[in-house]
Amino acid sequence: MSAITRDEVAHLARLSRLALTDEELDHFAGQLDQIIAAVARVAEVATDDIPPSSHALPLTNVFRPDEVRPGLTPQQALDQAPAVEDDRFRVPRILGEEA
Amino acid sequence: MSELIRKTAAELGRLVASGEVSAVEVTQAHLDRIAEVEPKIDAFLHVAADAALEQARAVDERRAKGERLGPLAGVPIAHKDIFTTVDMPTTAASKILEGWRPPYDATVTRRLREAGLVIVGKTNLDEFAMGSSTENSAYKPTRNPWDLTRVPGGSSGGSAAAVAAYAVPLATGTDTGGSIRQPAAVTGIVGTKPTYGGSSRYGLIAFASSLDTPGPFARNVLDAALLHEAFSGHDPLDSTSINAPVPPVVEAARQADVSGLRIGVIKEFVEGEGYQRGVLRRFTEAVELLEKLGAKTIEISCPSFAYALPAYYLIAPSECSSNLARFDAMRYGLRIGDDGTRSAEEVMALTRAAGFGPEVKRRIMLGTYALSSGYYDAYYGSAQKVRTLIARDFEAAFQQVDVLVSPTTPTTAFKLGERVDDPMAMYLADLCTIPSNLAGNAAISVPCGLAEEDNLPVGLQIIAPVLGDDRCYRVGAAVEKALEERWGGPLLKEAPSL
């Protein structure tokens, strides 16, 4: 049995905002199936009594003084934008036509 | 060819500080060498000759004014193209960032400049540092100076190739699963993954934030220590930066003495399958050498390390799928398909499909899968538990020994194209390096000879506890000193001239 189906890969591509071609989906489905089957081994040793680690260092709530520092000017912030209008980022429509 | 390019970074720093040679002369000699070897190795994505000469002139002027220069002032360095630089493009070797000019410098970049290092350009890498061969660069593959038909390792392959080819004495890299140590090993140079949090991630384009660690490349252990010291230390702009002094790495590199040290040989990394015979032979000889130099070696078992690779290929893609969501075609970078009819979401999906390469897409989808409800506990949750087990194995080991050793990589440099469409085979290149990323401790790779099958370099990995980075340099320098006496010079003198 395969670990992941082509339909599931197509769903992952949509969630990941990747407009993949049919050819790419075919290719990735096989590879992801192989990778997922291999990495699933972690479950063999992950028993209930082991606490998970999200991080290597025991750091929590790291603060620094809330001091005002110079930020980017609007010109610097917009300098690399794909499209600009009236000192703002111009983006494609976000809401549906009916909105 | 100028003799200057054969000198160590420490020597070049001394020559510049004493005024025997100008920083401009040193920089020009390396720019000439880059022009000579770049057509063969393709290590750079951007060479900044004018900016480099300008930085060099500034160093010479500071000296002329009587300022005391630091140990690396006027020394040329190549910078991995994943650190932001205001005066050079920053691409992460991705089409999605082609031509991007960052509005700020990474902390590592800023500290290189403050140390007077001369940044000669940005080096090639696997796209967003995802890969082990530098073939995942969207722009071009880099070639191994030892054999131009082979990969230089990755992801920091451009930096490693540039140093091994004498194009620069120093380079920066980042190590998320082995991306400094593995290329250093297969190109016959020195590379360190510092303790996680010992070097700042501010301005480092994020791949897997709990693992990404900037570190140095050099042709010898002392030079690597000097660079390590130059850019490390606490950074308030990185919330995971450790607020503690930089371990005494330069002093340790000068000490170069292992007498009385207890050294553990990781059993699982010499008995497993997939290790090349010549790699294991050079490794065994290195362990014997350490004994001869006065260290005590014992075998140590770390049973959870067998699960490090699968855990890594769940944790790193999970963090990557979240980090790379920022490439949304709105504020910077590529935008595809914005014809006035398509929605932002459609433009986003078209842009990401066109701007990311296959390995990045694979990892984003793999991470999205591992974090999905219904799969989270079995995949990401289990991987996090394995991470705990690996840290416990290290903890137990370091109660018995001062450092651990293993081969850095299971094989020498493989051929270009050999593993490019076989992700699982590619991932095996990082088998021995991944545990230290998951546990956050320090590790270095130093050359320990050539494998007899292919005459290609083999790396010895030396692993130390968290904030024990100095031990890596102490042992590495002792091995280097003894081997160079045996070889009559550095391993790189065996490399073909380019």
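None of the figures in this text is laboratory data; all of them are computed from the coordinates on show. Since we're looking at a predicted model, the values are computed, not measured. Positions of Cβ are generated from backbone atoms using ideal geometry, with glycine treated the same way; all protein chains shown enter the neighbour counts.
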## Note on the structure
For the pair A:T60 and B:S497, the simple spin-label estimate (label points 7 Å beyond Cα toward Cβ) gives in nm 6.2
### Query
Can you give me the Cα centroid spacing of the range B:164-238 and the range B:68-110 in angstrom?
14
### Query
Taking a temperature of 20 °C and a viscosity of 1.002 mPa s, what whole-number D in µm²/s does Stokes-Einstein yield for the range B:101-244 with Rh from Kirkwood over alpha carbon pairs?
144
### Message
As I understand it, the dipole of the protein assembly as shown uses +1 on the Cβ of Lys and Arg and -1 on the Cβ of Asp and Glu, about the Cα centre. Which of B:G13, B:L366, B:A49 lies farthest toward its positive end?
### Response
B:G13
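Would you mind computing the Rg to Rh ratio of the range B:257-392 from its alpha-carbon coordinates, Kirkwood style for Rh? Intermediate values should be presented prior to the final figure.
Numbers: Rg = 22.8 Å, Rh = 18.8 Å.
Checking Rg against Rh, the ratio lands at 1.21.
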### Query
In degrees from 0 to 90, rounded to the nearest 10, what is the angle of the helix A:6-15 Cα long axis to the longest principal axis of chain A?
20
### Summary
Placing +1 on each Lys and Arg Cβ and -1 on each Asp and Glu Cβ in the range B:285-406, then taking the dipole about the Cα centre, the residue among B:G340, B:F305, B:T388 whose Cα reaches farthest towards the positive end is B:G340
### Query
To the nearest 500 deg cm²/dmol, what mean residue ellipticity at 222 nm is calculated for chain B from DSSP H runs of n ≥ 4 alone, each contributing -39,500 (n - 2.57), summed and divided by the residues?
-12000 deg cm²/dmol
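About the Cα centre, and with charges only on the beta carbon of Lys, Arg (+1) and Asp, Glu (-1), how big is the dipole of the range B:68-127? Nearest 20 debye, please. Before the final figure, lay out the partial values.
Working: 8 positive and 7 negative charges, 51 e Å.
Taking the Cα centre of the range B:68-127 as origin, the dipole is about 240 debye.
Against the 2.2 N^0.38 Å scaling, with N counting residues, where does the range B:414-478 land? I'd like the Cα-based Rg ratio to two decimal places. Provide the component values of the computation, followed by the final result.
Numbers: Rg = 14.4 Å, N = 65, 2.2 N^0.38 = 10.7 Å.
Compactness ratio reported: 1.34.
Quick one: grab the alpha carbon gyration tensor of chain A, order the square roots of its eigenvalues as a ≥ b ≥ c, and give me rounded if a/c is under 1.5, else prolate or oblate depending on whether a/b is larger than b/c. Mind dumping the intermediate values first?
On the way: a/c = 3.15, a/b = 1.28, b/c = 2.47.
In terms of gyration-tensor shape, oblate.
Take the Cβ-Cβ distance between B:S343 and A:E24 as r, set R0 to 25 Å, and report the resulting FRET efficiency rounded to the nearest 0.05.
On the way: r = 22 Å, r/R0 = 0.86.
Working from the Cβ atoms, E equals 0.70.
To the nearest 20 debye, what charge dipole does the range B:210-319 have about its Cα centre, counting +1 at the Cβ of each Lys and Arg and -1 at the Cβ of each Asp and Glu?
Numbers: 9 positive and 15 negative charges, 90 e Å.
Rounded to the nearest 20 debye, it is 440 debye.
Per 0.36 nm of contour for each residue apart, how much would the distance between B:E418 and B:E285 grow if the chain were fully extended, relative to their Cα-Cα spacing?
Values: separation 133, 0.36 × 133 = 47.88 nm, distance 2.90 nm.
This chain segment gains 45.0 nm when fully extended.
Which whole-number value in Å³ per residue fits the convex hull of the alpha carbons of the protein assembly as shown?
Working: hull volume 98.5 nm³, N = 597.
Convex hull of Cα atoms, per residue: 165 Å³.
At 25 °C and 0.890 mPa s, grab the translational diffusion coefficient of chain B from Stokes-Einstein with a Kirkwood Rh over Cα pairs, rounded to a whole number in µm² per second. Kindly include the intermediate steps, with their values, before the conclusion.
Working: Rh = 22.4 Å.
Value of D from the Cα-based Kirkwood radius: 110 µm²/s.
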### Query
Among residues other than B:C302 whose Cβ falls under 15 Å from its Cβ, what is the net charge (Lys/Arg +1, Asp/Glu -1)?
-2
### Message
If the reach is capped at under 18 angstrom between alpha carbons, list the lysines near B:K267, excluding any in the same chain fewer than eight residues apart.
### Response
B:K296
### Task
For B:L460, list long-range residues whose amide hydrogen, built 1.01 Å from N in the peptide plane, is under 5 Å from its own amide hydrogen.
B:T408, B:V446, B:C448
### Task
Within a 10 angstrom radius of each residue's Cβ in B:364-376, how many Cβ atoms of other chains show up on average? Whole number is fine.
5
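Based only on Cα atoms, what Rg/Rh ratio does the range B:1-81 have, Rh being taken as Kirkwood's radius?
0.98
Full extension from B:E251 to B:R14: what is 0.36 nm times the residue separation minus their Cα-Cα distance, to one decimal in nm? Show your work: numbers first, answer last.
Values: separation 237, 0.36 × 237 = 85.32 nm, distance 1.71 nm.
Working it through step by step, the gained length comes to 83.6 nm.
Using unit Cβ charges (K, R positive; D, E negative) and no other charged atoms, how large, in debye to the nearest 20, is the dipole of the protein assembly as shown about its Cα centre? If you can, show how the numbers build up before the last one.
Working: 59 positive and 79 negative charges, 218 e Å.
The calculation lands at about 1040 debye.
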### Task
Tell me what chain A gives for mean residue ellipticity at 222 nm when only DSSP H runs of n ≥ 4 count, each as -39,500 (n - 2.57), the sum divided by the residue total, rounded to 500 deg cm²/dmol.
-10000 deg cm²/dmol
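Mean shadow of the range B:236-334, computed from the convex hull of its alpha carbons, in nm²?
Values: hull surface 46.1 nm².
Projected area, direction-averaged: 11.5 nm².
Rounded, prolate or oblate: which fits the range B:31-121 when a ≥ b ≥ c are the square roots of the eigenvalues of the alpha-carbon gyration tensor, with rounded for a/c under 1.5 and prolate only if a/b beats b/c? Intermediate values should be presented prior to the final figure.
Details: a/c = 2.49, a/b = 1.46, b/c = 1.71.
Cα axes put the range B:31-121 in the oblate bin.
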### Message
Tell me the relative contact order for chain B as a rounded percent, counting alpha carbon contacts under 8 Å between residues six or more apart.
### Response
17
### Task
Multiply the residue separation of B:D32 and B:D87 by 0.36 nm, subtract the distance between their alpha-carbon atoms, and state the gained length in nm to one decimal.
17.7 nm
### Message
Over the range B:293-418, what is the relative contact order in percent, taking alpha-carbon pairs closer than 8 angstrom and at least six residues apart?
### Response
36
### Query
Across peptide A:55-61, how many C-beta atoms of other chains are within 10 Å of each residue C-beta, on average?
6
### Query
For the range B:168-315, what relative contact order do you get, as a whole percent, if you take Cα pairs closer than 8 Å and at least 6 residues apart?
19
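Among B:117-128, B:134-145, B:446-457, how do they line up by average Cβ neighbours within 10 Å per residue, starting with the highest? Can you show the working numbers first?
Numbers: B:117-128: 29.1, B:134-145: 24.7, B:446-457: 21.5.
The most tightly packed comes first, giving B:117-128, B:134-145, B:446-457.
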### Message
Checking the a/c ratio against 1.5 first, then a/b against b/c, what shape does the Cα gyration tensor give for the range B:348-498?
### Response
oblate
